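Below is one structure, written out as C-alpha cells, with a few remarks after it.
FYI, it's all coordinate maths here, none of it is from the lab. What you see is a predicted model; the values in this text were computed from it and never measured. FYI the Cβ positions are ideal-geometry reconstructions off the backbone, even for glycines, and counts take in every protein chain you see.
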C-alpha cells in the first residue's frame, strides 16, 4: 500500500481547485458557477487542513492554525454563498435568465 | 484850451447816445430818442468847432505841430513785455495808446463829419418818423459817429483800426437795418466780408510799419519817414507796407476790385447811404492814405498804383452809372467814381486836392442822397427812375437843392465840385511822365460821363413826362422841414464850399491847401529831389507861382465836358415819356446790356471767389474749397476710418478662423480624436462577460505563480 502523505492531499486539493476554476470559467448557469466557487473554497479548505496536519507533525499538537483558518473560510463561504444567491435573485429578476453569457451590458 | 484838452469828449458823446439807446432805447418816446441822439451829435459838432478854433490858435504858437493828447496806454507798456526787434535791428517796445491827435487834416475831417452827421441826424428824424426800430436806428447812427470820430482823431494806427472796424460794423448793422429782407441782410454780409478782405491788407501793412518804425504812432512814423538815408531794403518794405495799406483803403473806400459792396449797400435806409456811403465811412480810406502820405511819398510805385486804380475805378463806375435805373444805384456808382478821383489825386501827389475833393464831395453827395431820399419819400417808396418824372413843380425845395448838387458834382463853376475836380485834373496833367496824360484823359472822360448820368437823373426825375401811377401821383408832397432844412444847408455848402479852395490861377489864395501845408509839406527838408523818379512827388503841393495858359485851357475843357454831358442828357431824356428808350441801348445793345449788368463782375466773383456758381462741374472759390474739403473728408478721411474698421473686422474673421480650425481643431479636438481612434482597437477587448473577467484574473494569477516559482 502507498503511504498517504501530505502531498496527496495537496494534489487532491489542487485538482478540486482546478475543477472549480474550470467550472467558474466555462459553465453557463449562474448556479453552477456559484457551486464551482464553493468547490474552490472547499479545495482551499482541504489545503489548509493538510498543511495544519503537516505542521502538527513538526511543531506539536497546538499548531492548529490551518484548521482555524479553515473554519474562517467555511464561514466566509457561507456568507458569500448567501450574497451570491442574492445577486442571483436580483440578476434573475432583471433578466429572466440564469445564463451568464446573456449579461453583457458592458459590451461595446 | 477847454475844448482842446477835452477832445476825448467829442467821440464820447455819440458813444453815450448809443449806450443810452442800447440800454433804455426800447422804452423811450421818439421825442426822447431825438433829444438824446440828435442832441449829442449837435453837441459834438459844436465842440468840434470850438476845438478846431482853439487848435488853430494853439498851432500858431507851436510851429503848427499836431496836437496830441494821450488818455492812457492801451496796448503795451514801459516794462518791456512787448519788446520786439525792428528791421534795422534796434529794440522797440510795442505801444498803442488811446490817444487823440488833432492837426489840420483831422480838423477838416472832424468838421465835416460832425457837421454833415448832424444834418443827417436831423434829416433822419423826419425820414424815419414812420419806420419801426426808431431807437435802434439812432443808436446805430450814434455808434457810427463814435467809431468814425475815433478813426479820425486817433493818434496811432491801432486806434484808427478800431474806428475802422467800428464803422464797418455799423455799416453792416445799418445796411441790414431791415434785416427781415433777405436782400438787405445779404447786402450787409457782403459789405462786411468785402471790407474784411481789405482789412487783412491793412493789418499786414500795420505789421510792416511797426516792424520798420518800431511804433505805430503817427508822429513816430512820420519822423521815421522824414529821416534821411533809407536803405533800398527799407524802401522796398515801405513799398510793401503802403501797398498793403492801400488794399485796406480799397476795401473801405470801394475801389476796384473791392467796390462790389457799395451798390448793394443801397438796401439800407437812405440817410445811411448819405452818411456812411457818401460822406464819411468811404472817405476813411482816403483819410488813412492821406495820413500816411509821408510813407507813400517814399514809395513812388505805390503812388502810381494808387493813381491808376483810382482812375480806372472812376471811369469803370461812371460807365455803369450811365444806365442804372434805380436812383440810389446811380448815386452809389457816382460815389465809387468820385472816390476814384480822390485816390487819383492822392496817387499823383496832390494830397491837398484829394482832401479838398473829399470835403466838397461830402456836401454835394450827402445832399444828393438826402434829396433822393426826399424824392423816394414823395413817391411813396418808388426808387425806379423809369416811374418818375415831372416832379420839379411838385417838390420844389428838393428839386432846387438837388439841382445845385448836380451842378456841383458835374463840375460847373462856381459850384464846389468844379474847384476840387479841376484841381485834381490839373495836378494829374502836370505830373511828370506821359502816362499821367492818359490818366488825365481817363479823368476827363469820367467827368463827361458824370455830367451825363447826373443830368440824366435830374431829367428823368424832375423833368420829362410823369410816368408814375395815378395813386402815387396824388400822394406826391414835399418833405417836412426836418428833411428839407438839411437839404438847404447842404445846398448852401455845395455852393460856397468851393470858395475855400479858389485856385491861384483865378486869383484866389487857395486857403484850403495852405491850411493843409503842415500835414503834406515835408517839414523843413524837401527830400527825394535826388530820387528823381517822379519829380512832382517832391512836394505835396505844386509851387505854382505863375499859372501857365495850359491851366486855363484845361479848366475850359473840363467845363466844356460838363456842358457837353449836360447837353447830351438833355437831348435824350428831357422829354422822356413812358417806355422811353435809352440812347445807349439804341446805339449798341450789347454794350447797354453789359453796363446794365455791371460788367457781370458780381457773377464773375461768384464763379471765381465765392464759388456760388459752378463752372461746368467744377466749383471754385470758398465754396469750392468747402466742397473739396467735404469730398476729402467723406472719401479720404472717412475712407481711412472705414478701412480701419474693415481691417479690424477682417482680422477678427481671421482670428476666429484660426481659433475655430487651428486651435480648437488641432489643439483641443486633436487629442480627443486621437483617443477615440485609439479606442477602437482597445474596445475589442471588452466583452462584458463576467467569466471573461474571471479568466483574465486567473491568467494573471497563474502568471504570478509562474513568476514566483521560476524566478
Where a label projected 7 Å from the Cα of residue A:94 along Cα→Cβ would reach, residues of segment B:683-711 with amide N under 15 Å: B:688-691
Per residue of A:21-28, how many C-beta atoms from partner chains lie within 10 Å of its own C-beta, taken as a mean? 3
So for each of B:693-700, B:253-260 I average, over its residues, the number of other beta carbons within 10 Å; can you give me the resulting order with the highest mean first? B:253-260, B:693-700
Sum of -39500 (n - 2.57) over DSSP H runs of 4+, divided by residues of chain A (222 nm, nearest 500): -27000 deg cm²/dmol
Within a 10 angstrom radius of each residue's Cβ in B:687-700, how many Cβ atoms of other chains show up on average? Whole number is fine. 4
What angle do you read, to the nearest 10 degrees and between 0 and 90, between the alpha-carbon axis of helix A:65-95 and the longest principal axis of chain A? 10
log₁₀ I(q)/I(0) of segment B:399-497 at q = 0.15 Å⁻¹, via Debye over equal Cα point scatterers, no solvent, to two decimals? -0.74
Reduced Cα scattering model of segment B:240-365, Debye log10 I(q)/I(0), q = 0.13 Å⁻¹: -0.45
With Rg from the Cα atoms and Rh as the Kirkwood inverse mean 1/r over Cα pairs, segment B:188-275 has an Rg/Rh of 1.13
What does the convex hull of the Cα atoms come to per residue for chain B, in Å³? 335
Nearest 10 degrees is fine. How inclined is helix A:6-26 to the longest principal axis of chain A, computing both from alpha carbons? 0
What is the percent of Cα-Cα separations in the protein assembly as shown that go past 49 Å? 41
Semi-axis lengths, Å, segment B:141-185, gyration tensor of Cα atoms, sqrt of 5 times eigenvalues: 25, 9, 4
For residue B:42 and residue B:186, compute 0.36 nm times the residue count separating them, minus their Cα-Cα distance, and round to one decimal in nm. 48.5 nm
So what is the 222 nm mean residue ellipticity for chain B from helices alone, if each DSSP H run of at least 4 adds -39500 (n - 2.57) and you divide by all residues, rounding to the nearest 500 deg cm²/dmol? -21000 deg cm²/dmol
Just to verify a number: FRET efficiency for residue B:437 and residue B:504, C-beta to C-beta distance, R0 = 25 Å, to 0.05? 0.65
Between residue B:84 and residue B:632, what is 0.36 nm times their sequence separation minus the Cα-Cα distance? Round to one decimal in nm. 193.2 nm
Based on the alpha carbon coordinates of segment B:1-125, what radius of gyration and maximum Cα-Cα distance (Dmax) apply, in Å? 18.7, 60
Scattering from the C-alpha atoms of segment B:136-295 alone, worked out with Debye: what is log10 I(q)/I(0) at q = 0.16, 0.17, 0.20 1/Å? -0.82, -0.90, -1.16
Report the label-to-label distance for residue B:6 and residue B:393 in nanometres (one decimal), using points 7 Å from each Cα along the Cα→Cβ vector. 5.4
Checking the a/c ratio against 1.5 first, then a/b against b/c, what shape does the Cα gyration tensor give for segment B:34-85? oblate
Simple SL model, points at 7 angstrom along Cα→Cβ for residue A:53 and residue B:678; separation in nm is 5.4
Highest mean first, how do B:346-356, B:95-105 rank when packing is the count of other Cβ atoms within 10 Å averaged over residues? B:346-356, B:95-105
Rounded tilt (10° steps) of B:690-710 against the dominant C-alpha axis of chain B: 70
To one decimal place, what Kirkwood hydrodynamic radius in Å is obtained for segment B:253-303 from all pairs of distinct Cα atoms? 12.3
For segment A:29-97, restrict the atom set to alpha-carbon positions and state the Rg and Dmax in Å. 16.4, 55
Calculate the translational D of segment B:349-425 in whole µm² s⁻¹ from Stokes-Einstein, where the hydrodynamic radius comes from the Kirkwood formula applied to all Cα pairs, the temperature is 37 °C and the viscosity 0.692 mPa s. 245
Quantify how strongly other chains surround peptide A:96-103 by giving the mean number of their Cβ atoms within 10 Å of each of its Cβ atoms. 2
Per-residue Cβ neighbour rank within 10 angstrom, fewest leading, B:38, B:488: B:488, B:38
Which of B:456, B:683, A:53, B:217 has the fewest other C-beta atoms within 10 Å, and how do the rest follow up to the most? B:683, A:53, B:217, B:456
Residues B:627, B:551 in order from fewest to most other beta-carbon atoms within 10 Å are B:627, B:551
Label points 7 Å out from Cα along the Cβ direction at residue B:475 and residue B:22: separation in nm? 3.7
